[in-house]
1. Would you point out which residue out of Ala263, Ala288 is at pLDDT 95 or above and aliphatic (A, V, I, L, M)?
2. Kindly provide the set of residues from the range 1-22 that are within 11 Å of ligand 2 (Cβ to nearest atom) and in contact with a helix residue (DSSP H, G or I) (Cβ under 6 Å, 6 or more places away or on another chain), ordered by number.
3. Can you tell me which of Ala189, Ala259 is part of a helix (DSSP H, G or I) and crowded, with 18+ Cβ neighbours inside 10 Å?
4. Criterion first (farther than 19 Å from Ala5 by Cα and among the small types (Gly, Ala, Ser)) does Ala128 satisfy it?
5. Name the one entry in Ala61, Ala16 that is aliphatic (A, V, I, L, M), within 16 Å of ligand 1 (Cβ to nearest atom), modelled with pLDDT of 95 or more and more than 20 Å from the chain's Cα centre (by Cα).
6. Pairs needed: first member in the range 149-166, within 22 Å of Gln192 (Cα to Cα); second member anywhere, assigned to a helix (DSSP H, G or I) and among the charged types (D, E, K, R); C-beta distance under 8 Å; at least 6 residues apart or different chains.
7. For the list (1) within 24 Å of Gln329 (Cα to Cα); (2) not in a helix (DSSP H, G or I), I need the number of the one condition that Gly271 fails.
8. Against the condition among the charged types (D, E, K, R) and touching a His at 6+ places or on another chain (Cβ under 6 Å), how does Asp205 come out, does it pass?
Amino acid sequence: MSVAAIIVAAGSGSRAGGAVPKQFAPIAGLPMVAHSWRAFAAHPAVDEVVVVVASGQEKRARDACGPVRLATGGATRRESVANGLAAISAERVLVHDAARPFVPAAVIDRVLAALDRAAGVTPALPLADTLVRGDATLGEMVRRDGLWRVQTPQGFDAAVLRRAHAAWDAAEEATDDAQMVRRLGEVVALVQGDPVLEKVTNPADFAAAEARAGWEWRSATGFDVHRLEAGEELWLGGVLIPHDRGLSGHSDADVALHALTDALLGTIAAGDIGTHFPPSDMQWKGAASHQFLTHAAGLIAERGGRIAFVDLTLICEAPKIGPHRAAMQARIAALLDLSPDRVSIKATTTERLGFTGRGEGIACQASATVRLPGAWT
Ligand code: CTP
Ligand code: MG
């Protein structure tokens with residue numbers, strides 16, 4: 001059965017405060033709404049995703065999520081969901097709060113699986129704390145067994161959810177869609193939620209969400225070789241080095257930046273330099289290699305990632321790298337927007353052995369370490 005996801009992101013975020021509505025505020029490296037949008041867009045069972053935003057917030061939503069289908073929000077969450085429902089055609093629908101940025105695929109799976117036996121499903125978590133009534137003083141304890149904290153994404157048979165919205169008395173405020181479907185007399189199943197789905201409501205919740213997000217650390221390597229030839233410029237690590245010969249290749253042949261670009265692309269499994277800048281493409285002839293490096297860094301930034309450290313080993317007999325190390329370090333640090341102590345430049349000879357030993361070419365190996373948001377997935 002086809003599945004649509006509606007992400008409601010049309011609230012004003014009044015309790016959270018801040019310069020922009022909370023769903024567009026940065027969290028774990030991305031605007032908040034981008035996290036849930038990515039989770040649904042990437043889920044194999046989800047066929048269409050609609051993000052509901054307040055009128056006037058369309059550009060903000062596109063900047064956050066990229067090409068995304070939008071619907072216009074209403075005055076209440078219920079109206080925003082209804083407008084999202086009008087924009088989708090799937091048989092099943094998942095309704096999710098943009099204010100819950102981190103959506104584990106396993107929760108989507110559980111919700112969809114339970115839709116085989118109920119018209120509505122909501123993830124929920126049992127309460128852990130002792131509950132009491134009271135105002136200024138402690139009152140009676142409330143038994144917590146049988147009490148749940150309700151989360152989203154909530155899943156529904158789309159026709160049933162449409163009926164629930166049509167039947168709802170606009171004078172009454174609906175807390176969520178699951179309540180509305182239950183009011184129709186339909187069964188709403190509970191499945192296990194996830195603490196990472198907690199909603200961001202108040203200012204203090206941002207730091208807690210950031211901590212829940214966690215970081216996934218990744219490292220990858222790159223390697224490259226170019227031939228040394230007379231009559232070429234020698235670009236190494238983004239620096240022009242005076243030498244009797246230079247590296248030849250399709251671009252400026254900066255072997256160090258090429259190896260480093262491949263290492264960075266490796267951390268996000270995004271292929272290699274040739275995937276992005278095919279040597280057959282004439283526009284890269286003689287190109288300055290810093291473009292390749294900043295492109296790779298941009299792809300990491302798009303994923304909310306941050307580069308932690310890069311390390312290069314140049315392999316050649318000549319030129320001596322030592323005198324140029326600081327310049328390369330500064331240049332690469334500037335290109336990657338890193339402090340120089342996060343850029344390591346090393347060099348070695350191969351004791352006159354092999355092609356590097358004979359001075360026929362220069363080799364470089366690189367490694368990069370990055371952190372990406374998404375340890376919760
Ligand atoms: N929402 C919506 N349209 C509305 C109101 C809320 O799409 N008219 C969305 C919010 O953007 C949020 C979700 O519903 O993703 C849950 O609402 P809530 O956490 O209450 O967010 P806000 O209403 O934005 O915050 P506040 O109540 O503090 O103003
Ligand atoms: Mg609200």
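1. Testing whether each residue is at pLDDT 95 or above and aliphatic (A, V, I, L, M) leaves just Ala263.
2. Quick first cut of the range 1-22, residues within 11 Å of ligand 2 (Cβ to nearest atom) only: 8, 10-16, 21-22.
Within the range 1-22, Val8, Ala10, Gly13, Ala16 meet the criteria.
3. Numbers: Ala189 fails: part of a helix (DSSP H, G or I).
Selected residue: Ala259, the only one of Ala189, Ala259 that is part of a helix (DSSP H, G or I) and crowded, with 18+ Cβ neighbours inside 10 Å.
4. Details: farther than 19 Å from Ala5 by Cα: yes; among the small types (Gly, Ala, Ser): yes.
So Ala128 fits the description; yes.
5. Criteria check complete, one pass: Ala16.
6. Matching pairs, first to second residue: Gln154/Asp177; Phe156/Asp177; Leu161/Asp177.
7. That leaves (1) as the condition not met.
8. no
The values are calculated or read from the model by the stated rules, or taken from the named source; none is laboratory data. Computed from a predicted structure; not experimentally measured. Please note: Cβ atoms are built from the backbone with ideal geometry, for glycine as well, and neighbour counts cover all protein chains shown.
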